[in-house]
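Everything below concerns the one structure shown next.
The values are calculated or read from the model by the stated rules, or taken from the named source; none is laboratory data. These numbers were taken from a predicted model, which means no experiment stands behind them. Backbone-built Cβ (ideal geometry, glycine too); neighbour counts: all protein chains shown.
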Amino acid sequence: MNPAFPPALAGLIAQMLEGVSRKELAARAQQLSAAYRAGQASHGMEQGDVLAYLLARAPATFAAISAVLARVKEVAPDFAPQSLLDVGAGPGTASWAAQAAFASLSSVTMLEANGAFRLLAAKLVPGAHMIAGDVSRSKPKSDLVIAAYLLAELPEKSVAMVARDVWASAAQMLVLVEPGTPQGFARIRAARAALIEAGAHVAAPCTHDNACPMSGADWCHFSQRLQRSRDHMHLKDASVPFEDERYSYVVAMCEKLSSGARIIKPVLEGKPGLTLPLCDETGLRNEFVASRDKQAYRAARKLGWGDLFFG
Ligand SMILES: C[S@@+](CC[C@H](N)C(=O)[O-])C[C@H]1O[C@@H](n2cnc3c(N)ncnc32)[C@H](O)[C@@H]1O
């Protein structure tokens, strides 16, 4: 799996960046990374910054959101949303991913606080309805609501309230995606608890609605590899043509659909067999699949970090 920008979008972005100094974008991208590391919100970003975000960060957030939507399709294969609400839309990353994943979508609404991002998103998601302002603004009820890489920009104490608020706008499903860091996961965990309390069921990654069993220094996250374009490499001064985006996420639905167990870390491969680190309704556990158990072993070898396991 390597979710790259759809060709039409890549073309639009290339057009938009024609004549823009890569040197200046690279400098902006570096400032941006430093600001994100320092936990500074992207409210104050200007046109140059949002173009740097588009080139330096959006490929990775797009890859992570696309990976999550692929998980959604495994758990809810019949889910065919008609309306999307993209909260904290930035350049419209989640809207592109959702449009690529669901041909059924006929209306897209983006809510975004930053004016420079709104201008960019309006060009990149033609026909979308735009709401300017804070996440707390009144929002249209939509089949699918996505808030991607938004909670990191909000005070940690507001996470539960924001989760409940965006859930109230979800007619069928809410998807939250955050960086796969201990801080990103802490926000996902707090949001998950608030959503369950509000009556939601967790569709992914958890296969249960019990309290999250992760403890200590452990945090639930996944990884998506993406190819870097030449521009992307240049901007990041990178020497390898790919990067791995670590992300944490939660998908909430009105109905209970999930079952089985989630592989929450890389599978360990040894001579006697495979060890699958799992999370399910019994908590965290390791499942060992012996190589001499040929049929089970062959099936388990196809599985990896993030997949569902039905043992
Ligand atoms: C890191 S960007 C993520 C953009 C996009 N969702 C993505 O995944 O690439 C976070 C976005 O949330 C917006 N944002 C931050 N705080 C917000 C708030 N309180 N209300 C609405 N939008 C907000 C920022 O302006 C920015 O566009």
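Quick check on my filter: what residues within the range 245-268 are of a type in the set (D, E, K, R), modelled with pLDDT of 95 or more and out of contact with any Gly (no Cβ under 9 Å at 6 or more places or on another chain)? Give the derivation first.
At the first step, the residues of the range 245-268 found to be of a type in the set (D, E, K, R) are 245-246, 255-256, 262, 265.
Within this subset, residues satisfying the condition of being modelled with pLDDT of 95 or more are 245-246, 262, 265.
Answer for the range 245-268, where residues must be of a type in the set (D, E, K, R), modelled with pLDDT of 95 or more and out of contact with any Gly (no Cβ under 9 Å at 6 or more places or on another chain): just LYS265.
Yes/no per residue for (1) touching a residue at least 40 places away in the same chain (Cβ under 8 Å); (2) surrounded by fewer than 20 Cβ atoms within 10 Å (Cβ to Cβ); (3) away from the ligand (no atom under 11 Å from the Cβ):
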| position | (1), (2), (3) |
| --- | --- |
| GLY39 | yes, yes, yes |
| GLY48 | no, yes, yes |
| ARG71 | yes, no, yes |
| GLU74 | yes, yes, yes |
| PRO81 | yes, no, yes |
| LEU84 | yes, no, yes |
| GLY90 | yes, no, no |
| THR93 | yes, no, no |
| THR109 | no, no, yes |
Study note, to complete from the structure: A careful count of residues in the range 28-54 that are of a type in the set (A, V, I, L, M) and at pLDDT below 90 gives 7
Exercise for review: Could you check LEU257 against (1) under 16 Å from LYS73 (Cα atoms); (2) in a strand (DSSP E or B); (3) touching a residue at least 60 places away in the same chain (Cβ under 8 Å); (4) of a type outside the set (Val, Ile, Thr) and say which number it fails?
Suggested key: (2)
Review point. How about the range 1-118: which helices (runs of 4 or more DSSP H) wholly inside it have at least 1 residues that are of a type in the set (Ser, Thr, Tyr)?
Key: 22-37, 47-56, 58-75, 93-101
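What tally of residues in the range 262-311 results from selecting those that are exposed (fewer than 15 other Cβ atoms within 10 Å of the Cβ) and within 21 Å of ARG225 (Cα to Cα)?
Step one: filter the range 262-311 for residues exposed (fewer than 15 other Cβ atoms within 10 Å of the Cβ), giving 266, 268-272, 281-283, 285-286, 288, 290, 292-295, 297-299, 301-302, 304, 310-311.
Going one step further and asking which of them are within 21 Å of ARG225 (Cα to Cα), we end up with 266, 268-269, 301-302, 304.
Adding up the residues that qualify gives 6.
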Exercise for review: Output the number of residues of the range 128-149 satisfying the condition of being touching a helix residue (DSSP H, G or I) at 6+ places or on another chain (Cβ under 8 Å) and within 11 Å of the ligand (Cβ to nearest atom).
Suggested key: 8
Practice item. Pick out, from the range 121-194, the strands (runs of 3 or more DSSP E) lying fully within it that include 1 or more residues that are small (Gly, Ala, Ser), surrounded by fewer than 21 Cβ atoms within 10 Å (Cβ to Cβ) and free of Cβ contacts under 8 Å to residues at least 40 places away in the same chain. Key: 129-132
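Identify, from the list PHE117, PHE102, the residue that is in contact with a Gly (Cβ under 8 Å, 6 or more places away or on another chain) and either crowded, with 24+ Cβ neighbours inside 10 Å or in the same structural domain as GLY48 (by TED's automatic domain parsing) (or both). Spell out the reasoning first.
Working: PHE102 fails: in contact with a Gly (Cβ under 8 Å, 6 or more places away or on another chain).
Checking each option against the conditions leaves just PHE117.
Out of curiosity, is GLY90 over 26 Å from HIS208 (Cβ atoms) and touching a Phe, Trp or Tyr at 6+ places or on another chain (Cβ under 6 Å)?
Working: over 26 Å from HIS208 (Cβ atoms): yes; touching a Phe, Trp or Tyr at 6+ places or on another chain (Cβ under 6 Å): yes.
Answer is yes for this residue.
A quick yes/no check of all residues on (1) among the β-branched types (Val, Ile, Thr); (2) out of contact with any helix residue (DSSP H, G or I) (no Cβ under 6 Å at 6 or more places or on another chain); (3) away from the ligand (no atom under 13 Å from the Cβ):
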| residue | (1), (2), (3) |
| --- | --- |
| ARG57 | no, yes, no |
| VAL68 | yes, yes, no |
| VAL87 | yes, no, no |
| LEU119 | no, yes, no |
| PRO126 | no, yes, yes |
